């Protein structure tokens, strides 16, 4: 009798699985039948917004449907990430996320999502370093000189970021903690607002996006000192890395990915991933990504999922070391 019951339960499970698979495939075949939405956790004008619009163009071109970009800035991306995590998992609401979406739940208890369990990875859109830039009023010409100046003038240097928990925040926090110098962190709702205050001299330095940093440096509005990547970046080969400037092992590349809510049917994830991957190989799309100082991504959903887990573990270690706090 027990064997019979076990067989019935097993057959029932198979029937349910087949029904789910069949419905998932059917759903993917009809997907999409209406416009899609990509949510961005930062204000227009920054690199996350720019890459979200590139991803939207890629999906729209291949899927034949309008893809709307919705900016829901605030809390370093938490508001947007939490909204997408709670969205219906049908493939119509997506998130272009950044490294901060891994970091936020580690330092902010109000982050109502988990990067590993709240989302279904689709693919890596791009990655890019930040550039350490200083206002010309700061009398330094290199990163070691900036550190020396900070030691001589404790608390006199303000640096801006795209928000608490973003790489532009954490790069400054980690440098300050490692060098034992005091910086004053000023968070914004995206890089664009911080750039305005940097150029006006209200901020003394920031870890800015590659394109903005180099464009402003070329006309003398800022002085570029170092890149945050572990290797010299092709777009700025003459700039030393932060690691070369006395911080061995320093490597903070900002990455940007495409996520769906957890539970989105695998066939839909596979279709979105295939469209994204193919689009990122297009010559014109690659030019647009390189033009904003980034490198195009190329990861399957499973590869991107492993990457997210690795990043989560890496940032857990950094937070555990006590270098990053919500109050900064």
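Read-outs throughout are calculated quantities, based only on the coordinates presented, and are distinct from any laboratory measurement. Everything quoted here is computed from the prediction, not taken from an experiment. A quick note on method: Cβ atoms are made from the backbone with ideal geometry, for glycine too, and the neighbour counts reach across all protein chains shown.
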Among 209, 229, 62: highest mean-square fluctuation, GNM of the chain, C-alpha pairs under 10 Å | 62
CD proxy at 222 nm, helix term only [per DSSP H run n ≥ 4: -39500 (n - 2.57); per residue of the chain; nearest 500] = -14500 deg cm²/dmol
How far, in nm, would the chain grow between residue 79 and residue 284 when pulled straight, counting 0.36 nm per residue and subtracting the alpha carbon separation?
-> 70.6 nm
Could you calculate the FRET efficiency of residue 108 with residue 137 from 1/(1 + (r/R0)^6), where r is the beta carbon distance between them and R0 is 25 Å, rounded to 0.05?
-> 0.15
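Using Cα pairs under 8 angstrom and six or more residues apart, how large is the relative contact order of region 129-245, in percent? Mind dumping the intermediate values first?
Numbers: 219 pairs, mean separation 44.4, N = 117.
38 percent.
Roughly speaking, what is the stretch gain from residue 70 to residue 298, that is 0.36 nm per residue apart minus the C-alpha to C-alpha distance, in nm to one decimal? Before the final figure, lay out the partial values.
Details: separation 228, 0.36 × 228 = 82.08 nm, distance 2.42 nm.
So the chain would gain 79.7 nm between residue 70 and residue 298.
Tally the DSSP beta bridges in region 129-245 and give the antiparallel ones as a percent, rounded to 5. Spell out each step's value before the answer.
On the way: 9 of 16 bridges.
Antiparallel bridges make up about 55 percent of those DSSP assigns within region 129-245.
Could you tell me whether region 129-245 comes out rounded, prolate or oblate from its Cα gyration tensor? Rule is a ≥ b ≥ c as square roots of the eigenvalues, rounded for a/c under 1.5, then prolate if a/b exceeds b/c, otherwise oblate.
On the way: a/c = 1.23, a/b = 1.08, b/c = 1.13.
Cα axes put region 129-245 in the rounded bin.
Residue separation times 0.36 nm, minus the C-alpha to C-alpha distance between residue 180 and residue 153: what's the value?
Values: separation 27, 0.36 × 27 = 9.72 nm, distance 1.27 nm.
So the extension gain works out to 8.5 nm.
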Helix 167-179 sits off the longest principal axis of the Cα atoms of the chain, rounded to the nearest 10 on a 0 to 90 degree scale, by 50
Separation between the residue 117 and residue 312 pseudo-spin-labels, each 7 Å from Cα along Cα→Cβ, expressed in nm?
-> 0.9
Just need the relative contact order of the chain here, percent rounded to a whole number, with Cα pairs under 8 Å and 6+ apart.
-> 25
How big is the antiparallel share of DSSP beta bridges in the chain, given as a percent to the nearest 5?
-> 60
Can you pull the one-decimal nm distance between simple spin-label points at residue 202 and residue 219, each 7 Å off the Cα toward Cβ?
-> 2.0
